[in-house]
Amino acid sequence: QVRLVASGGCLVQPGGSLRLSCAASVSIFSSTAMGWYRRTPGKQRELVAGITSGGITNYADSVKGRFTISRDNAKNTVYLQMISLKPEDTAVYLCNTVPVPSYNNWGQGTRVTVSS
């Protein structure tokens with residue numbers, strides 16, 4: 001079963017920066033489009049960024065210009081660099097395939113809290 005382990009989340013002040021990582025235990029990672037999702041209580045899960053196997057990226061309007069997704073296929077890892085964080089970015093961040101999440105085991109994700 002595929003394991004997705006996200007890390008890097010913490011409490012940060014508005015305007016701050018964070019870099020999230022998500023390591024996947026799959027050998028086909030390099031040929032798979034991956035993305036970062038976020039989950040907030042009372043809201044639908046949101047896809048915030050995606051990256052194809054070839055490195056083409058796309059972003060939700062709410063994070064465009066502030067978040068950057070990247071990947072290291074040698075490490076089976078996808079990253080999310082976040083700057084100019086806002087309180088509304090507070091969420092649990094998880095990774096999975098895009099455009100449809102296909103890995104059933106999401107893992108626990110990593111919690112980002114933006115607050116002063």
Single match in Leu85, Leu20, Leu94 (criterion: touching a residue at least 60 places away in the same chain (Cβ under 8 Å), crowded, with 19+ Cβ neighbours inside 10 Å and more than 12 Å from the chain's Cα centre (by Cα))
Leu85
(1) surrounded by 13 or more Cβ atoms within 10 Å (Cβ to Cβ); (2) in a loop (DSSP other than H, G, I, E, B) all hold for Gln1 apart from (1)
Filter region 47-73 for residues that are open to solvent by 50 Å² or more (accessible area, probe 1.4 Å), free of Cβ contacts under 8 Å to residues at least 24 places away in the same chain and outside any loop (DSSP other than H, G, I, E, B) and give the result.
Thr57, Asn58, Tyr59, Thr68
For region 74-97, give me each residue that is among the β-branched types (Val, Ile, Thr) and assigned to a loop (DSSP other than H, G, I, E, B).
Ile83, Thr90
Among the residues of region 98-110, is there at least one that is within 12 Å of the chain's Cα centre (by Cα), over 15 Å from Ser7 (Cα atoms) and surrounded by 14 or more Cβ atoms within 10 Å (Cβ to Cβ)?
yes
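The values are calculated or read from the model by the stated rules, or taken from the named source; none is laboratory data. Quantities reported herein were computed from a predicted structural model and do not represent experimental measurements. Cβ: placed from backbone, ideal geometry, glycine included. Neighbour counts: every protein chain shown. Accessible surface areas use protein heavy atoms only, side chains included; no ligands, DNA or RNA. Shrake-Rupley method; radii C 1.70, N 1.55, O 1.52, S 1.80 Å.
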